[in-house]
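*Asks:* Pasting in a structure now, in structure tokens, and then I'll have a few things to ask.
The values are calculated or read from the model by the stated rules, or taken from the named source; none is laboratory data. Nothing here was measured: the structure is a model prediction, and the numbers come from that model. Here the Cβ is made from the backbone with ideal geometry for all residues, glycine too, and neighbour counts use every protein chain on show.
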């Protein structure tokens, strides 16, 4: 396995790093960042600057204005972008749009790509992925899906409710998962389609993603047959096409944020004195920062390994690899952010540094795209199957 950085990714990451430090970080105190994330006005302003710098949507294919990076290159570039929590928004690589773009590139028809993907890749629109449900519906167990779709007059009618829908407020595109008589199916719909209604945007621990997280009602939503994404009954397969790489890109972006928190904590520990010496010279502080270095390196290598598998395996990095990376990296980065808060002391629980908000966002990362416990359960199931197969031999 060759994890050597290529010249292209290093050059792009260098440009991204300079862009984040010089252009994006000064926006971090902008009043347009609210409790439900940055406003669309701010997001469009940042995207315009990334577009002018030639850094917008580097993950998509050149046909749609991107750079056509592979997953290993994406890892390097996304880590650089994540150094500011506004960085992924500026580069148009934030969830859920980044994962939705990747899935549309792989699954959508030419007409669907032109209508939905092209403006998304250009940073002109936002999207939402409607899978999770309230009231005993689909969540970590998608088989519990209650939202239904039935054929009617050559099209489909969708009814149900969705929850924790990231980016719903202000989205132009809804990718809706619903249960049909042929199996779970994905539908593409303009958000302005009659019957799609935001009930409320929830107040959550994080505030990084534009539009926040909403509860959405679907009341007699009519979708033409040509807006089915892929094939009828194949939604769970397409969800894995989206989720396996999306778990990794979360790891990449949040690695950059954790690195930022660590850098802030190291600088503080080297400036601040207590009991006659710098804080970093006290083992209680210095050892925490050393553990941060270890966790960051292990998280980086775990992500790179999984990205390498995704690039070099015919079947891609499926549930096993991405589940392991999601658990290991999300929990390592949480430890890093938690230690940084502790090193900063009282300063760490204020907005005077970005560490407080990074800690809150990274805590939520342990739940995004499946909580750690569900991924461990999935890995344990695989172990049981492998043991049974070996025993049968």
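*Asks:* Would you confirm whether or not region 308-319 contains a residue that is in a helix (DSSP H, G or I) and either within 30 Å of residue 156 (Cβ to Cβ) or within 16 Å of the chain's Cα centre (by Cα) (or both)? Show your work before the answer.
*Replies:* Taking region 308-319 and keeping what is in a helix (DSSP H, G or I), we get 308-312, 319.
Checking which are either within 30 Å of residue 156 (Cβ to Cβ) or within 16 Å of the chain's Cα centre (by Cα) (or both) leaves us with 319.
Yes, the conditions are met somewhere in region 308-319.
*Asks:* Any chance region 373-381 includes a residue that's under 19 Å from the mean Cα position of the chain (by Cα) and in contact (Cβ under 8 Å) with a residue 24 or more places away in the chain?
*Replies:* yes
Okay, residues lined up against (1) farther than 25 Å from residue 6 by Cβ; (2) surrounded by 22 or more Cβ atoms within 10 Å (Cβ to Cβ):
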position	(1), (2)
311	no, no
320	yes, no
327	yes, yes
338	yes, no
351	yes, no
359	yes, yes
362	yes, yes
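*Asks:* Looking at this structure, is residue 342 assigned to a helix (DSSP H, G or I), closer than 15 Å to residue 255 by Cα and either modelled with pLDDT of 95 or more or under 17 Å from the mean Cα position of the chain (by Cα) (or both)?
*Replies:* So residue 342 does not fit the description; no.
*Asks:* Give me the residue from region 146-160 that is at pLDDT 90 or above and touching a helix residue (DSSP H, G or I) at 6+ places or on another chain (Cβ under 9 Å) and, out of that set, surrounded by the most Cβ atoms within 10 Å (Cβ to Cβ).
*Replies:* Quick first cut of region 146-160, residues at pLDDT 90 or above only: 146-152, 155-160.
If we keep only those that are touching a helix residue (DSSP H, G or I) at 6+ places or on another chain (Cβ under 9 Å) too, we end up with 151, 155-156.
Working: 151: 13, 155: 15, 156: 24.
Among those that are at pLDDT 90 or above and touching a helix residue (DSSP H, G or I) at 6+ places or on another chain (Cβ under 9 Å), it is 156.
*Asks:* Looking at residue 56, is it closer than 18 Å to residue 84 by Cβ, touching a strand residue (DSSP E or B) at 6+ places or on another chain (Cβ under 9 Å) and surrounded by 13 or more Cβ atoms within 10 Å (Cβ to Cβ)?
*Replies:* Numbers: closer than 18 Å to residue 84 by Cβ: yes; touching a strand residue (DSSP E or B) at 6+ places or on another chain (Cβ under 9 Å): no; surrounded by 13 or more Cβ atoms within 10 Å (Cβ to Cβ): yes.
So residue 56 fails the test.
*Asks:* Residue by residue through region 207-242, note down the ones that are over 24 Å from residue 150 (Cα atoms) and surrounded by fewer than 22 Cβ atoms within 10 Å (Cβ to Cβ).
*Replies:* Of everything in region 207-242, those that are over 24 Å from residue 150 (Cα atoms) and surrounded by fewer than 22 Cβ atoms within 10 Å (Cβ to Cβ) turn out to be 207, 241.
*Asks:* Go through region 1-98 and tell me which helices (runs of 4 or more DSSP H), entirely inside it, have 1 or more residues that are free of Cβ contacts under 8 Å to residues at least 24 places away in the same chain.
*Replies:* Numbers: elements: 7-19, 40-52, 71-81, 87-90.
So the answer is 7-19, 40-52.
*Asks:* Going by the structure shown, is residue 23 modelled with pLDDT of 95 or more, farther than 20 Å from residue 170 by Cα and surrounded by 20 or more Cβ atoms within 10 Å (Cβ to Cβ)?
*Replies:* On the way: modelled with pLDDT of 95 or more: yes; farther than 20 Å from residue 170 by Cα: yes; surrounded by 20 or more Cβ atoms within 10 Å (Cβ to Cβ): no.
No; evaluated as a whole, the condition is false for this residue.
*Asks:* Of all residues in region 278-315, count the ones that are within 21 Å of residue 267 (Cβ to Cβ) and in contact (Cβ under 8 Å) with a residue 60 or more places away in the chain.
*Replies:* Adding up the residues that qualify gives 2.
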